[in-house]
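Following: one structure in structure tokens, then a few remarks.
Quick note: the coordinates plus some simple rules give every number you see, no bench work behind them. Predicted, not measured: the structure shown is a model, and the values here were computed from it. Cβ: placed from backbone, ideal geometry, glycine included. Neighbour counts: every protein chain shown.
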Amino acid sequence: MSKQYSVPFDKVNITGGFWKDRIALNESVTLDSVRRRFEDTGRFSALGYNWKQGEPDRPHFFYDSDAAKWMEAAAYVLSKHSDSELESYVEELIDRIERNMTPDGYFNVWYTVVEPGKRFTDRDHHELYCAGHLIEAAAAYYEATGKRRFLDLMRRYAELIETVFCREDSAAFTTPGHPEIELALVRLYRCTGEKRWLDLSRFFVDKRGNNEKDRGQASGFASEDYLQDMIPLREQTQATGHSVRACYIYSAMADIAYECGDRELLAAANSIFKNITEHRMYITGGIGSTRVGEAFTVDGDLPNETAYAETCAAVSLAMFAQRMSLTAVDSRYADTVERVIYNGFLSGVSLDGKSFFYENPLSIDLSKRNIKYWRGEEVRLPITQRVEVFDCSCCPPNVARFVESIGKYIYSYDGDTVYVHQFMQSDTDIDMNGGTVHVSQITDYPSDGGVTVCVGGAPVKLAVRIPSWCRDFSVEAKLAENLGTSGGYMLFDCRDGAKIELYFDMSPVIVSADPSVHEDSGKVAVMRGPVVYCAEGVDNGDIFSLSLSSELNAEPVDLGFGIPALDVDGTRISGSGALYAPADEMKHEPTRIRLIPYFAFANRGESDMQVWMSIRSVSYTHLRAHETRHDL
Ligand code: FUB
Ligand code: ZN
């Protein structure tokens, strides 16, 4: 196993371009907007344990996690800029936690004010999930401010969890229904250097699907594979069940494999990663194709209109992929991060930064909104407009913390090499090899395919990812020797002052899905660089009558999305008025079709939308129905 070290986001300056704007929006709008919605809905006041039985607005059983994710995002902001108002706000939330933590170190809103006396009795009631998010927030806040109070509170809580689950085995379950504690404990270990937290994480990972107590606790759609515990994790080869839970535990598997050099666990994580990215992932990087259990289903089952593809699931896949990228020189991992961040993750937040999608469908047909019931059940299609807060509001704070820490996905290093995984205008100083290496990127990616990487300081090797979508690129290296490619990365031997100029051809590409994805059979999607495009009704009228032409003749158009829209060639079909008619009687009028980046859909009102579209390359004059019949 090769072992790279990630360069943390707070050591990377994002100096311009697409993500600088996104981070600015996150800091100026998203963080505050989520805070206000969480105040309105009682998520922050709940930390004060002030809700009483019989009162309205009962706290949800994972409000703690919503608040914690927001605190983590706030900590990330504080690690970049001092902001005394924001810091006082977080301190006030920590006060509430400190005031209410029991002497033995327990903190959980639900099991204190709603169901007191029942702690650690219900595997699926998210206690350890909430604890994990609090631990992550505490580590982030300590790293940002150097203040230990929150971290120490959470160390006490972790100690209680260690006692109950590991030493006494006195809880009603052995592993949690919703993973999160596992990766949080690895983070606590990295933050404190205390190995007991790594051991505790490993305990949860090893016991999952591998203990008697958890047997029989699964039911309905919450079956064993929903919980990823039908067999021990290290024997699993496919992604199953609830997709966020899945990728959180797979992330922990990658973490443990990395920290402990556990090759068997890594091999399992690798098989699962392969299964996801080769069979169970949307072109947008979305995962979890059904809303029933918010789950993975079977290989190739990727329906577009009812795609669940939760925003948190996209976040979790990026987390998993990034952890895997540190264990091998293999560009599939960073390619997956890239697919997620520009598509199925980014669609989760509106362009004004204030509202969010929970589900991210790949097709919207507004006419279906009028169907009330289907097979006796109320039809439930994904919402067509983002909203500011949901009852289950896991996604908005996940977006805030993810965007704020996006810089950690860019660089890593090992003994002699710096890896450039993502292309974002940025710079960083890396202490390695007994010296400091300065690496910077100048780029307008992904609007443009040009990337200049400069390297200064101690001599070093540089590995630059060749994006999987790229069919043609050019490279010019000064003060650097091109050593060829390995694992999808271009390698260079750099001297002080090295400059590598890359140009990735970003001509739009028409993409087909593997035939195993029946839903996309006969259809195509358009990508430009890493960005997936879609057609919206607001630009095109009836999008379901459109077919793309195989020659796109694409023209970029600036609609203010940060990445150009594309006007491309296509045809519009119109019929004779009959419901069915011979194909050669249909009229095909040439037209221009406007495609926009998928992430930008539903920002201009309610509209039909589709990613996968028909393509017209056959000539119907050769396929006259009666002639064909004669031939037979
Ligand atoms: O259950 C906690 C979070 O809420 C999950 O991760 C999401 O899928 C949503 O169900
Ligand atoms: Zn979510």
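Observations on the model:
- With eigenvalues of the C-alpha gyration tensor scaled by 5 and rooted, the stretch 235-314, Å: 24, 12, 9
- Candidate lysines - alpha carbon under 21 Å from Lys207, same-chain residues fewer than 8 apart omitted: Lys195
- The packing ranking, built from the mean of other Cβ atoms within 10 Å per residue, places the peptides 516-526, 130-140, 177-187 in the order 130-140, 177-187, 516-526, highest first.
- Value of Rg to Rh for the stretch 365-473 (Rh from inverse mean 1/r over Cα pairs, i.e. Kirkwood): 1.23
- In plain terms, the bigger the Kirkwood radius, the slower the diffusion; for the stretch 240-372, with that radius from Cα pairs, at 25 °C and 0.890 mPa s, Stokes-Einstein puts D at 163 µm²/s.
- P(r) weight above 32 Å for the chain, C-alpha pairs, percent: 50
- Size of the stretch 486-530: Rg and Dmax of its alpha carbons, in Å, are 17.6, 52.
- One chain, two ends: Ser512 and Glu98. Fully extended at 0.36 nm per residue, the span grows by 143.6 nm beyond their Cα-Cα distance.
- P(r) tail fraction, the stretch 383-440 - alpha-carbon pairs more than 17 Å apart, %: 56
- Divided by 2.2 N^0.38 Å, where N counts the residues, the Cα radius of gyration of the stretch 297-342 comes to 1.29.
- Our summary of shape: the Cα atoms of the stretch 40-149 have principal axis extents of 41, 26, 24 Å, ordered from largest down, in whole angstrom.
- Each of Leu188, Ala172, Leu160 was placed along the dipole of the stretch 156-205 (beta-carbon charges, centred on the mean Cα), and the one lying farthest toward the positive end is Leu188.
- Counting only the Cα atoms, the stretch 170-281 fills a convex hull of 93 Å³ per residue.
- For the stretch 348-421, convex hull of alpha carbons as volume per residue, Å³: 161
- Rotationally averaged projected area of the stretch 194-253 (alpha carbon convex hull; nm²): 4.2
- Rotationally averaged projected area of the stretch 308-401 (alpha carbon convex hull; nm²): 7.7
- On the beta carbon distance between Ser486 and Asp427, with R0 = 35 Å, the FRET formula returns roughly 0.90.
- All lysines inside 29 Å of Lys587 as judged from Cα atoms, apart from same-chain residues fewer than 8 positions distant: Lys368, Lys523
- Computed with the Debye formula from one identical point scatterer per Cα of the stretch 127-179, without solvent, the log10 of I(q)/I(0) at q = 0.12, 0.21, 0.31 Å⁻¹ comes to -0.30, -0.76, -1.15.
- Principal-axis tilt of helix 127-145 within the chain, Cα atoms, nearest 10 degrees: 80
- Gyration tensor over the Cα atoms of the stretch 539-603: the corresponding equivalent ellipsoid has semi-axes (square roots of 5 times the eigenvalues, largest first) of 28, 13, 7 Å.
- Computed on the Cα trace of the stretch 449-528, the radius of gyration divided by the Kirkwood hydrodynamic radius gives Rg/Rh = 1.17.
- Highest to lowest packing among 398-407, 383-392, scored as the average C-beta count within 10 Å: 398-407, 383-392
- Only lysines eight or more places from Lys69 in sequence, or on another chain, were considered; those with a Cα closer than 20 Å are Lys80, Lys147, Lys354, Lys408.
- Alpha-carbon Rg/Rh ratio, for the stretch 128-216, with Rh computed the Kirkwood way: 0.99
- Protection proxy ranking of 97-107, 532-542 - average other beta-carbon atoms within 10 Å, highest first: 532-542, 97-107
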